[in-house]
Structures are given as C-alpha cells and as structure tokens.
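Student: Take a look at this one; I'll ask things after.
The values are calculated or read from the model by the stated rules, or taken from the named source; none is laboratory data. For clarity, every value in this text was computed on a predicted model and none was experimentally measured. When we count neighbours, we look across all protein chains shown, and the Cβ atoms used for this are built from the backbone with ideal geometry, even at glycine.
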Amino acid sequence: MQSKKKMMIGLSVFILLLASVLVVLYVKIGAGNESKEETIVGTVLENKESSMLIRDETGAEYVVYLEADYNGEEIGTFPEGSRVRIWFSGEIAETYPMQVTAYRIEKDS
C-alpha cells in the first residue's frame with residue numbers, strides 16, 4: 001500500500017514537471033514566433049546622415065534609425081516635408097522624441 005502511494009506521488013510530480021516544461025516551451029517558442037510588424041506614417045521634419053525626425057498624424061515625433069542590414073532608399077532621398085511610411089518591428093523607445101529602428105521606408109502617397 002505504501003509503495004503504491006509513493007508511486008502515485010512520483011507520477012503526479014512527474015506529470016506536473018512535464019506540464020511546466022511544456023508551458024515554458026510554448027511561451028518561449030510558440031508565442032514568440034508571432035512577428036509584430038508596425039508602421040508609422042508621418043512627415044519628415046529633419047534629415048541627418050543616419051537618422052530622420054518625423055511627426056505622425058497625431059503630432060507624435062519619432063527619431064527613425066535604420067537597421068544594420070537595411071538596404072532600401074537612402075534617408076537623404078526623403079526631403080523635409082515629404083510624407084513617408086516607416087516599417088519597424090514594433091519596439092519603440094519611450095523617450096522624447098520616441099525612437100524606432102526601421103527596416104523599410106517608402107514615400108507615402
């Protein structure tokens with residue numbers, strides 16, 4: 001009787017540990033694969049060599065940097081006053097002005 005009880009406790013602990021491992025794997029791998037793609041449409045206020053300052057329709061300002069492997073149009077091809085659409089991973093540095101790293105920039109019509 002005592003050995004059956006120990007076996008049931010051991011089996012319960014094993015199942016609980018297995019369930020915990022599966023939950024952790026799901027959170028790290030399964031839910032993490034959802035890529036978050038965001039865009040911002042705004043007006044170019046200022047161009048620098050490696051960044052630009054834009055203002056969106058709500059009045060929020062963003063400094064836009066380019067990803068290291070960015071191979072789109074140069075920042076200089078978007079003159080001040082032009083409307084652009086910025087694609088970024090969804091991460092925004094909550095500074096003033098806010099900061100994003102773009103992987104794609106296009107003129108917005």
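Student: Within the stretch 67-99, can you find the residues that are surrounded by 15 or more Cβ atoms within 10 Å (Cβ to Cβ) and more than 14 Å from VAL44 (Cβ to Cβ)?
Tutor: The answer is TYR70, TRP87, PHE88, ILE92, MET98, GLN99.
Student: Also: Within the bounds of the stretch 49-71, is there any residue that is polar (S, T, N, Q) and part of a helix (DSSP H, G or I)?
Tutor: Within the stretch 49-71, the first condition is being polar (S, T, N, Q), and the residues that meet it are 50-51, 58, 71.
Retained after the next criterion (residues that are part of a helix (DSSP H, G or I)): none.
Checking the stretch 49-71: not a single residue is polar (S, T, N, Q) and part of a helix (DSSP H, G or I).
Student: Tell me which of these LYS48 doesn't satisfy, since it passes every other one: (1) surrounded by 17 or more Cβ atoms within 10 Å (Cβ to Cβ); (2) touching a helix residue (DSSP H, G or I) at 6+ places or on another chain (Cβ under 8 Å); (3) not aromatic (Phe, Trp, Tyr).
Tutor: (1)
Student: Could you list all residues from the stretch 1-48 that are at pLDDT 85 or above and part of a loop (DSSP other than H, G, I, E, B)?
Tutor: LYS48
Student: I'm trying to understand the selection: among the residues of the stretch 72-96, which are assigned to a loop (DSSP other than H, G, I, E, B) and of a type outside the set (D, E, K, R)? Steps first, answer last, please.
Tutor: First, pick out the residues of the stretch 72-96 that are assigned to a loop (DSSP other than H, G, I, E, B): 72-74, 78-82, 89-92, 94-96.
Selection gives GLY72, PHE78, PRO79, GLY81, SER82, SER89, GLY90, ILE92, THR95, TYR96.
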